[in-house]
Amino acid sequence: MALQGTLQDFGALEIFQLIALQQKTGTLEIHNRDQVRQFVFDNGLLIAVHPIQLEQDSLLVRFLLELEYIEKDEIPGWINANTHQPVNIIDLVTKMTKISDEEMVVAYDIYIQTILDEILHWPKGRFHFNSGQIGIPSKQVGPWKIEGLLMESMRRLDELADLKAAEMPQGMVPRSSGAEITASDSNRVYRAVHALVDGSRSVHDIITQSTLAGFDICQALRVMRDQNIVEMTEWIPAGVWADRLWKKRSLMKVVSYSLLTVITLGIVTFGTNFYFRHFRAPWETGLQFSFLTEECEASRASYNIATVLETYRVMNHHYPADYDALIENGLLSEKQAEIYRSKGAVWETDDADSYQWWQAEAMSESDTPIALETIPSESTIN
């Protein structure tokens, strides 16, 4: 089966799941610009994440070298070894270098997780799967179920995002406190990360320049920070003048933030003043705005009173002459009637069967008449 496409159309996660589900055998290559990663599958199981022929600058070689599993002078003899029988190059590592079988298993597990973290983080790229010959599987490492590795990578990427957002911002610069890290094998990752801590590289620089996964680097930095092996400082440009500025960073921050606040307030004040000088409001303030409010309240009052008038007519077979009739029938209280009067809801009856609104004046608290032009002078409801 030949499967190819782009990561934009078919994500790496779906590709891996498809190969595992259909139990395919072959080699998957994923390209991102000049970077190529290879995954070898046997009946849906992952058996290798390295090319058959390694070179000195191959990612796996640099990975083992950075973690100090092998020495630099051991590399040529190992990757260029000629054997009489076909053999996986991973099986030659333990025979031709100082790394043991157990260390190789641990190292390769870390390496696989590192590659998967990288692939799942690639936003774009091309992939091509070729089914068929897969070479000689290693006798020391693998096979792995890809589903478990993918779930672990997704967990690591989620936690890495939290670390970058909170504890390990990419612009922070770790600096060594002078304390030495232990030499136990369990701290190989810590030692590799600590070797890159020089007081000038940021967290982003360390992740970029290392073959380790960003998750492992941030985890190592966090542990070393908690153990006071490194201290995290804010990023500033390098140079003599920058070191002097760093010593006065607290004063500079106070001055900078204060100046920035004053400038921001000045811009907001000037902009607001300029806007209202050149663009008038849709209505003028003061009496006209009060008029709009009174108009809305009067219209609502007229609607409510009209409902009460109809109720009165149903009860008494004619319309009331004034508010007193409504109060006597218990349809309004004296307080409610006073409120409606103040809003200008006034009517008059020509006979018992009809009434009409007449031009009223809504009275404010100061008893100043305000004409409500929107209330019809004649509106008969039969």
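Rule-based calculations on the coordinates, nothing more; no lab input. Note that the structure is a prediction, hence the values are computed from the model and not measured. Note that we place each Cβ from the backbone using ideal geometry, even for glycine, and neighbour counts take in every protein chain shown.
Brief remarks on what is shown
- Segments 342-348, 262-268, 161-167, 315-321 sorted - mean Cβ within 10 Å per residue, highest first: 342-348, 315-321, 161-167, 262-268
- Here the relative contact order of region 167-235, from alpha carbon pairs under 8 Å that lie six or more residues apart, stands at 51 percent.
- Computed label-point distance, nm, for sites GLN53 and THR272 using a 7 Å Cα→Cβ extension: 7.3
- Region 2-158, relative contact order [Cα under 8 Å, separation at least 6], %: 38
- A crude spin-label estimate for the pair GLN336 and ASN187, with each label 7 Å from Cα along the Cβ direction, gives 8.4 nm.
- Sequence ranges 143-154, 324-335, ranked by mean other-Cβ count within 10 angstrom, highest first: 143-154, 324-335
- Span from the region 154-216 Cα centroid across to the region 72-93 one, whole angstrom: 31
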